[in-house]
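Below is one structure, written out as C-alpha coordinates; the observations come after it.
The values are calculated or read from the model by the stated rules, or taken from the named source; none is laboratory data. Keep in mind that what you see is a predicted model, and the values were worked out from it rather than measured. Only protein heavy atoms, including side chains, enter the accessible area calculation; ligands, DNA and RNA are left aside. Shrake-Rupley method; radii C 1.70, N 1.55, O 1.52, S 1.80 Å.
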Amino acid sequence: MSTKQMERSATHAGSWYLRDKTSLDHQLTDFLGNVPAASFEHGPLPVPDARIIIAPHAGYSYSGPTAAWAYKSWDVSKIERVFLLGPSHHVYLSNCAVSQCTEYQTPLGNIPIDTKTIDELSKTGKFQKMSKAVDEDEHSLEMHLPYIYKILSESEGGMRPLVPVMVGALSTRSEREFGELLSPYLADPKNGFVISTDFCHWGTRFGYTNYVDDADCDNVRSLNSSSYFSSSSHGRTVLNPEVPIYKSIEIMDYKGMDISNGGSHAEWTEYLARTKNTICGRHPLGVLIAGIEYLRNKGVELALDQRRPVPGTGPAEVVAKENLTGEEALKYRFGKIYWVQYKQSSHCKNLSDSSVSYASGFAKA
(Lines give C-alpha, C1' and ligand atoms only; values in the text may rest on other atoms or scores of the structure.)
Protein backbone atom coordinates (compact mmCIF):
# COMPACT_ATOMS: atom_id res chain seq x y z
CA MET A 1 0.00 0.00 0.00
CA SER A 2 1.26 3.46 -0.81
CA THR A 3 2.69 5.48 2.07
CA LYS A 4 1.80 8.76 0.35
CA GLN A 5 0.12 11.06 2.83
CA MET A 6 -3.53 11.76 2.11
CA GLU A 7 -5.84 13.54 4.54
CA ARG A 8 -9.61 13.16 4.47
CA SER A 9 -11.22 16.54 5.15
CA ALA A 10 -14.01 16.99 7.69
CA THR A 11 -16.49 17.79 4.92
CA HIS A 12 -19.62 17.76 7.11
CA ALA A 13 -18.22 20.05 9.81
CA GLY A 14 -20.12 23.32 9.97
CA SER A 15 -23.34 21.75 8.71
CA TRP A 16 -23.99 18.36 10.32
CA TYR A 17 -21.98 19.28 13.42
CA LEU A 18 -20.01 22.22 14.80
CA ARG A 19 -16.79 23.28 13.09
CA ASP A 20 -15.31 25.28 15.95
CA LYS A 21 -13.00 23.10 18.04
CA THR A 22 -13.89 24.55 21.45
CA SER A 23 -17.63 24.63 20.80
CA LEU A 24 -17.66 21.06 19.49
CA ASP A 25 -15.65 19.76 22.44
CA HIS A 26 -18.02 21.48 24.87
CA GLN A 27 -21.03 20.04 23.07
CA LEU A 28 -19.67 16.48 23.20
CA THR A 29 -18.76 16.95 26.86
CA ASP A 30 -22.36 18.01 27.56
CA PHE A 31 -23.80 15.07 25.61
CA LEU A 32 -21.61 12.61 27.51
CA GLY A 33 -22.26 14.33 30.82
CA ASN A 34 -26.01 13.96 30.38
CA VAL A 35 -25.81 10.15 30.28
CA PRO A 36 -27.00 9.06 33.74
CA ALA A 37 -24.70 6.36 35.09
CA ALA A 38 -27.36 5.29 37.58
CA SER A 39 -29.60 4.06 34.76
CA PHE A 40 -27.19 1.31 33.74
CA GLU A 41 -27.41 -2.25 35.03
CA HIS A 42 -23.85 -3.05 33.99
CA GLY A 43 -21.85 -1.32 36.69
CA PRO A 44 -19.70 1.79 36.36
CA LEU A 45 -19.09 3.53 33.06
CA PRO A 46 -17.40 2.74 30.81
CA VAL A 47 -18.72 -0.83 30.92
CA PRO A 48 -15.77 -3.22 31.41
CA ASP A 49 -14.94 -5.15 28.21
CA ALA A 50 -17.55 -3.26 26.16
CA ARG A 51 -15.17 -2.68 23.26
CA ILE A 52 -17.91 -2.93 20.60
CA ILE A 53 -20.47 -0.14 20.30
CA ILE A 54 -23.34 0.69 17.96
CA ALA A 55 -24.40 4.31 17.50
CA PRO A 56 -26.27 6.58 15.05
CA HIS A 57 -24.79 8.93 12.45
CA ALA A 58 -27.30 11.74 11.89
CA GLY A 59 -26.58 15.40 12.54
CA TYR A 60 -25.58 15.99 16.14
CA SER A 61 -28.67 18.09 16.88
CA TYR A 62 -30.70 14.95 16.15
CA SER A 63 -28.61 11.95 17.19
CA GLY A 64 -25.66 13.35 19.14
CA PRO A 65 -27.27 12.85 22.59
CA THR A 66 -28.25 9.26 21.72
CA ALA A 67 -24.77 8.44 20.40
CA ALA A 68 -23.33 9.63 23.73
CA TRP A 69 -24.87 6.63 25.49
CA ALA A 70 -22.79 4.24 23.38
CA TYR A 71 -19.59 6.26 23.69
CA LYS A 72 -20.02 6.66 27.46
CA SER A 73 -20.27 2.84 27.67
CA TRP A 74 -17.23 2.20 25.45
CA ASP A 75 -14.25 0.56 27.16
CA VAL A 76 -11.10 1.52 25.26
CA SER A 77 -8.65 0.63 28.03
CA LYS A 78 -7.17 -2.38 26.22
CA ILE A 79 -7.63 -1.53 22.57
CA GLU A 80 -4.86 -0.57 20.13
CA ARG A 81 -6.97 0.29 17.07
CA VAL A 82 -10.59 1.01 16.18
CA PHE A 83 -12.57 -0.54 13.33
CA LEU A 84 -15.31 1.79 12.11
CA LEU A 85 -18.00 0.16 9.93
CA GLY A 86 -20.62 2.31 8.23
CA PRO A 87 -23.04 2.03 5.29
CA SER A 88 -22.63 3.65 1.90
CA HIS A 89 -25.32 6.27 1.22
CA HIS A 90 -24.11 7.67 -2.10
CA VAL A 91 -22.22 4.94 -3.98
CA TYR A 92 -23.43 1.45 -4.76
CA LEU A 93 -21.10 -1.25 -3.46
CA SER A 94 -21.67 -4.99 -3.62
CA ASN A 95 -18.80 -5.62 -1.20
CA CYS A 96 -16.85 -3.47 1.27
CA ALA A 97 -14.37 -0.66 0.70
CA VAL A 98 -11.43 0.66 2.69
CA SER A 99 -9.94 4.15 2.76
CA GLN A 100 -6.83 5.23 0.87
CA CYS A 101 -6.25 8.11 3.27
CA THR A 102 -3.58 8.15 5.94
CA GLU A 103 -5.37 10.56 8.29
CA TYR A 104 -8.96 11.58 9.01
CA GLN A 105 -9.47 15.21 9.92
CA THR A 106 -11.81 16.34 12.70
CA PRO A 107 -12.19 19.84 14.18
CA LEU A 108 -10.72 18.42 17.39
CA GLY A 109 -7.61 16.97 15.72
CA ASN A 110 -6.60 14.31 13.24
CA ILE A 111 -7.01 10.56 13.62
CA PRO A 112 -4.27 8.39 12.04
CA ILE A 113 -5.37 5.54 9.77
CA ASP A 114 -4.03 2.05 10.40
CA THR A 115 -2.66 1.54 6.90
CA LYS A 116 -1.01 -1.76 7.87
CA THR A 117 -4.33 -3.35 8.85
CA ILE A 118 -6.02 -1.87 5.77
CA ASP A 119 -3.28 -3.47 3.69
CA GLU A 120 -4.01 -6.81 5.36
CA LEU A 121 -7.69 -6.49 4.49
CA SER A 122 -6.92 -5.45 0.92
CA LYS A 123 -4.76 -8.52 0.37
CA THR A 124 -7.79 -10.76 0.97
CA GLY A 125 -9.16 -9.53 -2.37
CA LYS A 126 -12.56 -8.86 -0.78
CA PHE A 127 -12.17 -5.12 -0.20
CA GLN A 128 -12.03 -2.43 -2.84
CA LYS A 129 -10.45 1.01 -2.38
CA MET A 130 -12.71 4.03 -2.10
CA SER A 131 -11.58 7.24 -3.74
CA LYS A 132 -10.96 10.32 -1.61
CA ALA A 133 -14.09 11.92 -3.10
CA VAL A 134 -16.28 8.95 -2.17
CA ASP A 135 -14.66 8.86 1.27
CA GLU A 136 -15.42 12.53 1.87
CA ASP A 137 -18.99 12.34 0.58
CA GLU A 138 -19.99 9.66 3.08
CA HIS A 139 -21.31 10.90 6.43
CA SER A 140 -21.88 7.55 8.18
CA LEU A 141 -18.17 7.31 9.03
CA GLU A 142 -17.42 11.00 9.57
CA MET A 143 -20.17 11.57 12.13
CA HIS A 144 -18.37 9.22 14.53
CA LEU A 145 -14.94 10.80 14.19
CA PRO A 146 -15.28 13.63 16.74
CA TYR A 147 -16.62 11.21 19.36
CA ILE A 148 -13.86 8.70 18.62
CA TYR A 149 -11.21 11.40 18.79
CA LYS A 150 -12.51 12.75 22.11
CA ILE A 151 -12.85 9.36 23.81
CA LEU A 152 -9.44 8.12 22.67
CA SER A 153 -7.50 11.34 23.22
CA GLU A 154 -8.83 11.67 26.76
CA SER A 155 -8.15 8.01 27.63
CA GLU A 156 -5.00 6.69 29.26
CA GLY A 157 -3.78 5.13 26.02
CA GLY A 158 -4.19 8.31 24.00
CA MET A 159 -4.94 8.36 20.28
CA ARG A 160 -5.05 5.04 18.42
CA PRO A 161 -5.32 4.44 14.67
CA LEU A 162 -8.56 3.90 12.81
CA VAL A 163 -9.62 1.22 10.32
CA PRO A 164 -12.57 2.73 8.39
CA VAL A 165 -14.67 0.30 6.37
CA MET A 166 -17.56 1.30 4.10
CA VAL A 167 -20.03 -1.58 3.94
CA GLY A 168 -22.00 -1.98 0.73
CA ALA A 169 -25.37 -3.54 -0.12
CA LEU A 170 -24.24 -7.02 0.85
CA SER A 171 -26.20 -10.17 0.20
CA THR A 172 -27.03 -12.43 3.12
CA ARG A 173 -24.18 -14.72 2.11
CA SER A 174 -21.73 -11.81 1.79
CA GLU A 175 -22.62 -10.52 5.26
CA ARG A 176 -21.69 -13.92 6.65
CA GLU A 177 -18.49 -14.02 4.62
CA PHE A 178 -17.38 -10.58 5.84
CA GLY A 179 -18.42 -11.48 9.38
CA GLU A 180 -16.18 -14.53 9.26
CA LEU A 181 -13.40 -12.58 7.55
CA LEU A 182 -13.44 -9.91 10.27
CA SER A 183 -13.92 -12.43 13.10
CA PRO A 184 -10.20 -12.70 13.99
CA TYR A 185 -10.12 -8.92 14.50
CA LEU A 186 -13.43 -9.04 16.37
CA ALA A 187 -12.08 -11.73 18.68
CA ASP A 188 -8.87 -9.85 19.43
CA PRO A 189 -9.24 -7.80 22.65
CA LYS A 190 -6.81 -5.24 21.21
CA ASN A 191 -9.45 -4.13 18.69
CA GLY A 192 -12.38 -1.81 19.30
CA PHE A 193 -15.37 -1.69 16.97
CA VAL A 194 -17.83 1.10 16.18
CA ILE A 195 -20.88 0.15 14.09
CA SER A 196 -22.63 3.12 12.47
CA THR A 197 -26.38 2.90 11.90
CA ASP A 198 -29.63 4.77 12.26
CA PHE A 199 -32.83 2.79 12.64
CA CYS A 200 -36.23 3.23 10.97
CA HIS A 201 -36.66 5.99 8.38
CA TRP A 202 -40.43 6.39 8.26
CA GLY A 203 -42.59 8.53 5.97
CA THR A 204 -43.53 9.01 2.34
CA ARG A 205 -40.32 10.98 1.76
CA PHE A 206 -38.40 7.81 2.61
CA GLY A 207 -40.76 5.60 0.62
CA TYR A 208 -41.57 3.61 3.76
CA THR A 209 -44.91 3.68 5.58
CA ASN A 210 -45.17 0.15 6.98
CA TYR A 211 -47.22 -0.33 10.11
CA VAL A 212 -47.51 -3.03 12.79
CA ASP A 213 -49.46 -3.30 16.01
CA ASP A 214 -48.18 -6.63 17.35
CA ALA A 215 -44.92 -7.14 19.24
CA ASP A 216 -43.73 -9.92 16.92
CA CYS A 217 -44.33 -7.81 13.79
CA ASP A 218 -46.31 -10.62 12.17
CA ASN A 219 -49.00 -8.37 10.71
CA VAL A 220 -47.03 -5.86 8.64
CA ARG A 221 -49.09 -3.66 6.33
CA SER A 222 -48.34 -0.51 4.40
CA LEU A 223 -50.21 2.73 4.94
CA ASN A 224 -51.07 4.80 1.89
CA SER A 225 -53.37 7.70 1.16
CA SER A 226 -56.37 5.46 0.55
CA SER A 227 -55.87 2.76 3.17
CA TYR A 228 -54.92 5.24 5.90
CA PHE A 229 -58.21 7.06 5.73
CA SER A 230 -60.32 3.93 5.31
CA SER A 231 -61.54 1.87 8.24
CA SER A 232 -60.21 -1.41 6.92
CA SER A 233 -58.14 -3.08 4.26
CA HIS A 234 -58.92 -6.64 3.21
CA GLY A 235 -61.12 -7.02 6.25
CA ARG A 236 -58.56 -5.76 8.80
CA THR A 237 -58.30 -2.43 10.52
CA VAL A 238 -55.31 -0.65 9.03
CA LEU A 239 -54.52 1.72 11.89
CA ASN A 240 -55.11 0.49 15.42
CA PRO A 241 -56.27 3.53 17.43
CA GLU A 242 -54.37 2.22 20.43
CA VAL A 243 -51.10 2.03 18.46
CA PRO A 244 -50.22 5.37 16.84
CA ILE A 245 -47.69 5.39 14.04
CA TYR A 246 -44.76 6.38 16.27
CA LYS A 247 -45.53 3.46 18.57
CA SER A 248 -45.64 1.12 15.57
CA ILE A 249 -42.18 2.37 14.55
CA GLU A 250 -40.92 1.73 18.07
CA ILE A 251 -42.35 -1.81 18.02
CA MET A 252 -40.53 -2.58 14.75
CA ASP A 253 -37.24 -1.09 15.94
CA TYR A 254 -37.41 -2.84 19.31
CA LYS A 255 -38.09 -6.15 17.60
CA GLY A 256 -34.99 -5.66 15.46
CA MET A 257 -32.90 -4.81 18.51
CA ASP A 258 -34.27 -7.85 20.35
CA ILE A 259 -33.36 -10.14 17.45
CA SER A 260 -29.84 -8.67 17.27
CA ASN A 261 -29.44 -9.51 20.97
CA GLY A 262 -29.80 -13.19 20.20
CA GLY A 263 -26.99 -13.11 17.65
CA SER A 264 -28.74 -15.15 14.97
CA HIS A 265 -27.89 -13.80 11.53
CA ALA A 266 -30.66 -15.88 9.93
CA GLU A 267 -33.26 -14.35 12.25
CA TRP A 268 -31.88 -10.87 11.54
CA THR A 269 -32.20 -11.26 7.77
CA GLU A 270 -35.68 -12.82 8.11
CA TYR A 271 -36.81 -9.89 10.24
CA LEU A 272 -35.58 -7.38 7.64
CA ALA A 273 -37.27 -9.30 4.83
CA ARG A 274 -40.54 -9.41 6.75
CA THR A 275 -40.71 -5.83 8.01
CA LYS A 276 -38.52 -4.16 5.36
CA ASN A 277 -37.47 -1.82 8.17
CA THR A 278 -35.34 0.96 6.70
CA ILE A 279 -32.34 0.52 9.00
CA CYS A 280 -29.67 2.24 6.93
CA GLY A 281 -26.80 0.43 8.68
CA ARG A 282 -28.45 -2.98 8.41
CA HIS A 283 -25.46 -4.36 6.49
CA PRO A 284 -22.71 -3.21 8.92
CA LEU A 285 -24.91 -4.47 11.76
CA GLY A 286 -25.50 -7.69 9.84
CA VAL A 287 -21.74 -8.19 9.46
CA LEU A 288 -21.32 -7.69 13.22
CA ILE A 289 -24.11 -10.15 14.05
CA ALA A 290 -22.68 -12.71 11.63
CA GLY A 291 -19.19 -12.26 13.09
CA ILE A 292 -20.42 -12.63 16.66
CA GLU A 293 -22.44 -15.72 15.72
CA TYR A 294 -19.42 -17.27 14.00
CA LEU A 295 -17.18 -16.66 17.01
CA ARG A 296 -19.86 -17.72 19.45
CA ASN A 297 -20.40 -21.06 17.72
CA LYS A 298 -16.68 -21.60 17.28
CA GLY A 299 -16.04 -20.73 20.93
CA VAL A 300 -18.84 -22.92 22.24
CA GLU A 301 -17.52 -25.88 20.27
CA LEU A 302 -14.07 -25.30 21.73
CA ALA A 303 -15.44 -24.91 25.25
CA LEU A 304 -17.48 -28.10 25.05
CA ASP A 305 -14.50 -29.95 23.60
CA GLN A 306 -12.21 -28.86 26.41
CA ARG A 307 -14.90 -28.85 29.13
CA ARG A 308 -14.19 -25.28 30.08
CA PRO A 309 -16.06 -21.98 29.66
CA VAL A 310 -15.31 -19.53 26.90
CA PRO A 311 -13.27 -16.70 28.47
CA GLY A 312 -15.54 -13.84 29.46
CA THR A 313 -18.80 -15.78 29.27
CA GLY A 314 -19.09 -16.60 32.95
CA PRO A 315 -21.53 -19.56 32.62
CA ALA A 316 -22.10 -19.86 36.37
CA GLU A 317 -23.15 -16.20 36.52
CA VAL A 318 -25.39 -16.66 33.48
CA VAL A 319 -27.13 -19.68 34.99
CA ALA A 320 -27.82 -17.76 38.18
CA LYS A 321 -29.12 -14.71 36.37
CA GLU A 322 -30.84 -16.15 33.31
CA ASN A 323 -31.70 -19.69 34.45
CA LEU A 324 -29.73 -21.15 31.55
CA THR A 325 -27.35 -24.07 31.58
CA GLY A 326 -24.55 -25.61 29.55
CA GLU A 327 -24.24 -24.74 25.88
CA GLU A 328 -27.33 -22.53 26.01
CA ALA A 329 -25.73 -20.36 28.69
CA LEU A 330 -22.49 -20.03 26.74
CA LYS A 331 -24.29 -19.02 23.56
CA TYR A 332 -26.46 -16.52 25.39
CA ARG A 333 -23.59 -14.59 26.92
CA PHE A 334 -20.93 -14.45 24.23
CA GLY A 335 -21.05 -11.12 22.40
CA LYS A 336 -24.60 -10.29 23.46
CA ILE A 337 -25.66 -6.80 22.34
CA TYR A 338 -27.16 -4.56 25.01
CA TRP A 339 -29.23 -1.60 23.80
CA VAL A 340 -29.14 1.33 26.19
CA GLN A 341 -30.89 4.23 24.46
CA TYR A 342 -33.55 4.79 21.80
CA LYS A 343 -35.07 7.99 20.39
CA GLN A 344 -37.11 9.14 17.42
CA SER A 345 -36.52 12.48 15.70
CA SER A 346 -40.27 13.14 15.93
CA HIS A 347 -43.48 11.32 16.81
CA CYS A 348 -45.39 10.44 13.65
CA LYS A 349 -49.15 10.50 14.01
CA ASN A 350 -50.22 11.09 10.43
CA LEU A 351 -49.21 9.87 7.01
CA SER A 352 -47.77 13.30 6.22
CA ASP A 353 -45.31 13.03 9.14
CA SER A 354 -41.80 11.57 9.01
CA SER A 355 -39.11 10.51 11.45
CA VAL A 356 -35.78 8.75 11.84
CA SER A 357 -35.00 6.49 14.81
CA TYR A 358 -31.70 6.41 16.68
CA ALA A 359 -30.39 3.68 18.99
CA SER A 360 -27.19 3.07 20.93
CA GLY A 361 -25.82 -0.16 22.29
CA PHE A 362 -22.70 -2.11 23.18
CA ALA A 363 -21.41 -5.67 23.26
CA LYS A 364 -18.90 -7.19 25.64
CA ALA A 365 -16.24 -9.29 23.97
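Can you say what percent of the DSSP beta bridges in the chain, counting only those with both residues inside, are antiparallel? Round to 5. In the chain, approximately 50 percent of DSSP beta bridges are antiparallel ones. Quick one: how many Å² of residue 16 are accessible to a 1.4 Å probe, rounded to 10? In the full protein context, residue 16 sits at about 90 Å². Note on the stretch 122-144 and the stretch 267-293: Cα centroid distance 21 Å, given to the nearest whole angstrom. Counting heavy atoms of the protein chains alone, residue 283 has an accessible area of about 30 Å² for a 1.4 Å probe.
For the stretch 170-224 versus the stretch 1-65, the inter-centroid distance based on Cα atoms is 21 Å. Going through the cross-link list 276/336; 255/336; 4/116, which pairs have a Cα-Cα distance over 18 Å in this structure? The pairs that break the limit, which is 18 Å between Cα atoms, are 276/336.
Entry note, the chain: the mean residue ellipticity at 222 nm calculated from DSSP H runs of n ≥ 4, each adding -39500 (n - 2.57), is -12000 deg cm²/dmol after division by the residues and rounding to the nearest 500. Sorted largest first by accessible area at a 1.4 angstrom probe radius, with every protein chain in place, the residues 198, 188, 258 fall in the order 258, 188, 198.
Only protein heavy atoms count here; on that basis, with a 1.4 Å probe, residue 180 has an accessible area of about 90 Å².
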